1. Could you grab me the full set of residues in the stretch 245-271 that are buried (at least 20 other Cβ atoms within 10 Å of the Cβ) and in a loop (DSSP other than H, G, I, E, B)?
2. Can you confirm whether the stretch 48-63 contains a residue that is assigned to a helix (DSSP H, G or I) and under 28 Å from Asp268 (Cβ atoms)?
3. Restricting the first residue to the stretch 171-188 and requiring it to be closer than 17 Å to Asp117 by Cβ and in a helix (DSSP H, G or I), which pairs with a second residue that is open to solvent by 20 Å² or more (accessible area, probe 1.4 Å) and at pLDDT below 95 meet a Cβ separation below 6 Å and a spacing of at least six or different chains?
4. Give the stretch 375-391 a look and list any residue that's under 20 Å from Asp317 (Cβ atoms) and under 24 Å from the mean Cα position of the chain (by Cα), or say none.
5. For the stretch 390-412, check the following and say yes or no: at least one residue is at pLDDT 95 or above, of a type in the set (Ser, Thr, Tyr) and closer than 29 Å to Arg290 by Cα.
6. Leu305 fails exactly one of the following numbered conditions: (1) in contact (Cβ under 8 Å) with a residue 40 or more places away in the chain; (2) of a type outside the set (Asp, Glu); (3) surrounded by 19 or more Cβ atoms within 10 Å (Cβ to Cβ); (4) within 21 Å of Arg335 (Cβ to Cβ). What is the number of that condition?
7. Quick check on my filter: what residues within the stretch 158-178 are in contact with a strand residue (DSSP E or B) (Cβ under 9 Å, 6 or more places away or on another chain) and at pLDDT 95 or above?
8. Anything in the stretch 334-368 that is touching a Ser or Thr at 6+ places or on another chain (Cβ under 8 Å) and either open to solvent by less than 20 Å² (accessible area, probe 1.4 Å) or among the small types (Gly, Ala, Ser) (or both)? List them, or say none.
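The values are calculated or read from the model by the stated rules, or taken from the named source; none is laboratory data. All of these numbers come straight from a predicted model, not from anything done at the bench. As a convention, Cβ positions derive from the backbone with ideal geometry for all residues, glycine included, and neighbour counts pool all protein chains shown. The protein model used for the area step is the full one, side chains on, heavy atoms only, and it has no ligands, DNA or RNA in it. Shrake-Rupley method; radii C 1.70, N 1.55, O 1.52, S 1.80 Å.
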Amino acid sequence: MQLMLTTDKVKIGIIGLGYVGLPLAVEFGRIRPTVGFDVNAERIAELRAGRDNTREVETDELARAISLSCSSNAADLQNCNVFIITVPTPIDQYKRPDLAPLQAATRTVGRLLKRGDVVVFESTVYPGATEEVCVPLLAKESGLLLNEDYFVGYSPERINPGDKQHRLPNILKVTSGSTPEAADFIDDLYRLIITAGTHKTSSIRVAEAAKVIENTQRDVNIALVNELALIFNRLGIDTVEVLEAAGTKWNFLPFRPGLVGGHCIGVDPYYLTHKAQEIGYHPEVILAGRRINDSMGRYVAERVLKLMLQRRMPVCDSRVLVLGMTFKENCPDLRNTRVIDLIRELQGYSISVDVHDPWIDPAEAQREYGIQSLLNPEPASYDAIVIAVAHDQFRELGAAGIRAFGKDNSILYDVRQVLPVHEVDGRL
């Protein structure tokens with residue numbers, strides 16, 4: 001069967017309305033009939049009221065998506081002929097790919113699939129997952145045959161939460177399809193909303209691999225500078241000053257040390273290493289980088305404890321304020337934040353740890369991590385303060401404003417180089 005669908009006849013269903021799916025639904029909803037589906041009824045109610053708690057889409061942008069409807073009822077997707085799946089692909093407690101959300105979404109689409117429909121996956125996976133995991137589920141639920149009755153494609157998401165400059169339309173989109181005709185259709189479809197253009201690959205596996213190495217490359221580079229920080233701290237050299245000096249060369253890459261979490265950089269490498277090990281190859285560099293990055297929360301805690309002991313502060317029953325809990329600055333995303341490693345390590349020394357983050361939803365922090373975020377930390381109350389995330393609010397407070405939370409002899413440690421080196425007692 002040839003693909004007969006054209007971009008002017010599409011009715012699009014977006015499955016998953018998080019950081020990735022909602023911007024996509026809004027852009028398509030401005031120009032084509034679009035149904036945004038999410039299993040979270042509270043999320044749907046919020047969007048129908050014109051609010052987005054991820055802060056990725058403003059109220060006026062939602063209002064402009066005049067052809068978008070949002071629903072938690074999968075039956076509302078039944079008239080769609082293009083389905084785009086944008087659900088999370090996390091890792092489990094053993095750092096193995098957790099495809100359960102993707103499989104559930106795929107089954108939902110499979111039950112609705114009709115002859116001539118197209119299914120596009122945007123969720124990050126290892127090379128081969130679309131055809132090896134998702135296509136069989138579509139076939140089982142629908143009873144239809146790939147490339148005879150329906151078609152699939154893969155177009156990896158590139159959303160950068162909290163980034164107001166790099167938005168969906170101006171980020172170049174990688175596309176692919178299960179046949180040359182499907183690839184052309186999917187590429188044309190995204191060109192309707194992507195002003196930056198598209199890059200069509202020769203196969204779905206190439207597109208999957210391209211996505212997973214984007215963040216693996218960043219992870220390995222950050223691991224290198226984190227390891228440099230471990231070395232330079234022992235040598236008594238300021239790591240940031242070294243990086244700034246090296247950065248005067250035109251081709252030096254401007255990475256900085258820090259806690260590496262989030263839904264991409266701290267997760268995607270494990271998808272690639274899982275597949276590599278499945279085919280009999282043990283990746284050395286990637287896993288070494290992951291070990292370094294996963295250890296940084298413990299290292300920061302040890303540095304803070306050492307500074308406290310050097311000032312003869314009692315560690316047990318001391319109070320520490322951690323500023324910031326999200327995985328990156330100026331966004332409310334708590335997924336896979338590695339700030340929790342720092343918090344748990346400090347708590348392991350019988351330290352009372354308070355958290356203040358103006359960006360997060362306190363209920364979500366409590367639900368996901370058992371952490372109560374303080375709205376207003378008590379002044380002059382803490383033995384140590386750790387700037388864990390570089391939110392603009394903390395930069396605006398400055399050293400004096402942040403130190404006001406501490407006792408007279410308190411420690412100020414800066415994980416994210418928010419303050420000049422001479423204004424803190426230590427930094428990564």
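1. Once the filter is applied, which keeps residues that are buried (at least 20 other Cβ atoms within 10 Å of the Cβ) and in a loop (DSSP other than H, G, I, E, B), the stretch 245-271 yields Pro257, Gly258, Leu259, Val260, Gly261, Gly262, His263, Cys264, Ile265, Gly266, Val267.
2. Yes, the stretch 48-63 contains a residue that is assigned to a helix (DSSP H, G or I) and under 28 Å from Asp268 (Cβ atoms).
3. Filtered contacts from the stretch 171-188: Glu181/Leu3; Ala182/Leu3; Phe185/Leu3.
4. Across the stretch 375-391, the qualifying residue is only Val386.
5. no
6. With (1) in contact (Cβ under 8 Å) with a residue 40 or more places away in the chain; (2) of a type outside the set (Asp, Glu); (3) surrounded by 19 or more Cβ atoms within 10 Å (Cβ to Cβ); (4) within 21 Å of Arg335 (Cβ to Cβ) applied to Leu305, the lone miss is (4).
7. Leu172, Lys173, Val174, Thr175, Ser176, Gly177, Ser178
8. Of everything in the stretch 334-368, those that are touching a Ser or Thr at 6+ places or on another chain (Cβ under 8 Å) and either open to solvent by less than 20 Å² (accessible area, probe 1.4 Å) or among the small types (Gly, Ala, Ser) (or both) turn out to be Leu334, Thr337, Val339, Ile351, Ser352, Val355, Asp357, Ile360, Ala365.
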